[in-house]
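Working notes, structure below.
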Amino acid sequence: DAGITQSPRHKVTETGTPVTLRCHQTENHRYMYWYRQDPGHGLRLIHYSYGVKDTDKGEVSDGYSVSRSKTEDFLLTLESATSSQTSVYFCAITGAGGQDEQFFGPGTRLTVL
Amino acid sequence: QQPVQSPQAVILREGEDAVINCSSSKALYSVHWYRQKHGEAPIFLMILLKGGEQKGHDKISASFNEKKQQSSLYLTASQLSYSGTYFCGTEGYSAGNKLTFGGGTRVLVKP
C-alpha cells in the first residue's frame, strides 16, 4: 500500500469555523490531489498540486484553499465552513500525473453543523 | 464536464458477466478505472492510454475507443469480491494531469 495518511479521520465542526485537513505521504510523489465525495456526484477535484508551492484549482474550489510547503504534506483549508461542505474528503497521490495510477488516502469524514 | 457512466447499478449472480460504460463529451488522453467498497477509499484497477497502452489488473479487462471518447470495463465470471462502486476517471488533453470522475456504477454480486 502507498504510504498516504489523512488527519483527522473524522471531524464535526460548526458553521463559520475554519477547518484544516492534512494529507501526508511517504512516497515522495510529485502530484497530490484533494477530492470531495458526495452521493450521486462521484469524486470531484477541489485542488491539486504538482510540486512544492505549485497548486491549481479543480472544479469545486470555491471556499477552499490549499498549501504545500513540503513534498510530503498537502493541506486543505475550509476558510469558513458551511453545511454544504459536509462531505467525505479524499487525498490522492501519483508519481507521473495522468499516466500513472492514483493512490487514495483513507478519507476524512467532515460534518458541518 | 463529468463523464457519464452506465448503467448506474447492476445486480449479478456469481459467474455472470457485466459491462460498465464510460462516455465523455471531450477528447481523451487517458481513462482510469477504480473500485470502491463501502466506507473505503477507491482502489486502482486499470489505466487505458491513447494509443492502446494499458496498465493494470490481469483479471480485469477494458477497452478504450479514442474516436468515440468511450471506455468500457468488462467484469467476466464475476466473484462476490467484485461488489462495489466502479468509477471511471478521464483525462483530457488540456487537463494538466487532472482526472474528472464519473458518477459511479454500483455493482452487487450475489451468491
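The values are calculated or read from the model by the stated rules, or taken from the named source; none is laboratory data. Treat the numbers as computed from the prediction; the structure is a model and nothing was measured. Because the Cβ atoms are built from the backbone with ideal geometry, glycine has one as well, and the counts that use them run over all protein chains shown.
So which of B:Ser78, B:Ser24, B:Ser71 ends up being in contact with a Leu (Cβ under 9 Å, 6 or more places away or on another chain) and in contact (Cβ under 8 Å) with a residue 60 or more places away in the chain?
On inspection, the qualifying residue turns out to be B:Ser78.
For segment B:1-21, give me the residue count where each residue is touching a Phe, Trp or Tyr at 6+ places or on another chain (Cβ under 8 Å), assigned to a strand (DSSP E or B) and not aliphatic (A, V, I, L, M).
Of the residues in that region, 1 qualify.
Filter segment A:33-81 for residues that are crowded, with 18+ Cβ neighbours inside 10 Å and either on the phi > 0 side of the Ramachandran plot or free of Cβ contacts under 8 Å to residues at least 12 places away in the same chain (or both) and give the result.
A:Gly42
Do we find that B:Tyr34 is surrounded by fewer than 21 Cβ atoms within 10 Å (Cβ to Cβ), outside any loop (DSSP other than H, G, I, E, B) and aromatic (Phe, Trp, Tyr) in this structure?
In short, no.
Among the residues of segment B:84-111, how many are modelled with pLDDT of 95 or more and aliphatic (A, V, I, L, M)?
Looking only at that region, the number is 3.
Considering only segment A:89-112, I want to know if a residue exists there that is away from chain B (no Cβ under 14 Å) and under 14 Å from the mean Cα position of the chain (by Cα).
Checked against the condition, which is being away from chain B (no Cβ under 14 Å) and under 14 Å from the mean Cα position of the chain (by Cα), segment A:89-112 yields at least one hit.
Please go through segment B:27-49 and give me each residue that is at the interface with another protein chain (Cβ under 9 Å from one of its Cβ atoms), touching a residue at least 24 places away in the same chain (Cβ under 8 Å) and among the small types (Gly, Ala, Ser), ordered by number.
Selection gives B:Ser30 alone.
Restricting the search to segment B:64-111, which residues are more than 14 Å from chain A (Cβ to nearest Cβ), surrounded by fewer than 15 Cβ atoms within 10 Å (Cβ to Cβ) and in a loop (DSSP other than H, G, I, E, B)?
Those that are more than 14 Å from chain A (Cβ to nearest Cβ), surrounded by fewer than 15 Cβ atoms within 10 Å (Cβ to Cβ) and in a loop (DSSP other than H, G, I, E, B): B:Lys67, B:Lys68, B:Thr76, B:Ala77, B:Gln79, B:Pro111.
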